[in-house]
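The values are calculated or read from the model by the stated rules, or taken from the named source; none is laboratory data. Note that the structure is a prediction, hence the values are computed from the model and not measured. FYI the Cβ positions are ideal-geometry reconstructions off the backbone, even for glycines, and counts take in every protein chain you see. For the accessible areas, the whole protein counts, side chains as well, though only heavy atoms, and no ligand, DNA or RNA atoms are used. Shrake-Rupley method; radii C 1.70, N 1.55, O 1.52, S 1.80 Å.
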Amino acid sequence: REELLKHADTAMYEAKNAGRGSYRFFSPEMNRQVQERLVMGAALKESLGLGHLALRYQPQIRGEDGGLHGVEALARWSHPRFGDVPPAKFIALAEETGLIEAIGEWAISEACRQMADWRARGVAIPTVSVNLSPMHFRNPKLPELVTVALESSGLSADALTLEITEGVMMDSCAGTRATVEAVAHLGVRLSLDDFGTGYSSLSSISTLPIEEIKLDRSFVRDLQNDKNARAVASAVIRIGQSLGLTVVAEGVETEPQRRFLQALDCHVMQGFLFAPALTAPDLEHWLLERAVTLSPIAHVA
């Protein structure tokens, strides 16, 4: 009986993950997946405690002149047993296991520490952006955590950009909106990530203190072959311009994509065409190669 209840719990867990109205029958594979999540969850918690997670930084390039707009800090996890775990996998795991808030706090603190180091050595990085989960904005202490990270690093608020998802905008949790506004009140910039893939409305964009929207990479990827993707990209850029928001196009990988976006006066682009996500030393080398440490970045022709 105990074994039967255990299997039923496993199937119920999978059904909940699949969404409302779903059902699942237990299978041995299901049990294996649960055990794997437990083992990897414990490994992720241990890695976070030991400082084995790392940030990589991807440059964001201004469309008008090729100058450096900033960098996006991206979490990476390399484990002795599991190897390089894809971010989508371990971030989902962190959300399931309740580690996502701790990872977000670490990312903010580490990004601010790195920015302070760059500024102390004259490395010209205008701002660093950090992705946060909707769960972070349910925590009324988030403004305090951000303030501590900035003050301990000696940074002004404009050195930090926090990326929020469309889920934050739709969050019905009491206090979420107040937390968003309190963070913005600090002077930290807020960027809406993956715009166009969720449930954002123009009214919510115009009423929340967002300064930037990011065009999802799925639209950029299909620019050359899909007229609908081109139409969406054009619309998002025009919306951003009309609302006075900075528009960042993610996943720019080819020169035709860059030219299309530049023709639409897209404010900022990031992607492999310019650089992958780099370690801090490699980013500095990337900057030096283009003679941009203390001067404007070379124009991307």
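Key figures
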{"item": "All positions within the stretch 211-239 that are hydroxyl-bearing (S, T, Y) and more than 16 Å from G63 (Cβ to Cβ)", "result": "S218"}
{"item": "Residue ID - farthest from V130 (Cα to Cα), chosen from residues in the stretch 275-301 that are assigned to a loop (DSSP other than H, G, I, E, B) and modelled with pLDDT of 95 or more", "result": "A275"}
{"item": "Leading residue by the ranking (nearest to G98 (Cα to Cα)) among those in the stretch 129-140 that are within 11 Å of the chain's Cα centre (by Cα) and open to solvent by less than 50 Å² (accessible area, probe 1.4 Å)", "result": "S133"}
{"item": "Test: residue in the stretch 154-168 that is among the hydroxyl-bearing types (S, T, Y), modelled with pLDDT of 95 or more and either open to solvent by 20 Å² or more (accessible area, probe 1.4 Å) or touching a Gly at 6+ places or on another chain (Cβ under 9 Å) (or both)", "result": "yes"}
{"item": "Restricting the stretch 213-231 to residues that are open to solvent by 50 Å² or more (accessible area, probe 1.4 Å) and either in contact with a Pro (Cβ under 7 Å, 6 or more places away or on another chain) or assigned to a helix (DSSP H, G or I) (or both), the residue that is modelled with the lowest pLDDT", "result": "Q224"}
{"item": "Scope the stretch 75-89; condition free of Cβ contacts under 8 Å to residues at least 60 places away in the same chain, in contact with a strand residue (DSSP E or B) (Cβ under 8 Å, 6 or more places away or on another chain) and in a strand (DSSP E or B); matching residues", "result": "A75, W77, S78, H79, D84, V85"}
{"item": "Filtered residues of the stretch 255-274 (kept if among the polar types (S, T, N, Q) and in contact with a Gly (Cβ under 6 Å, 6 or more places away or on another chain))", "result": "Q262"}
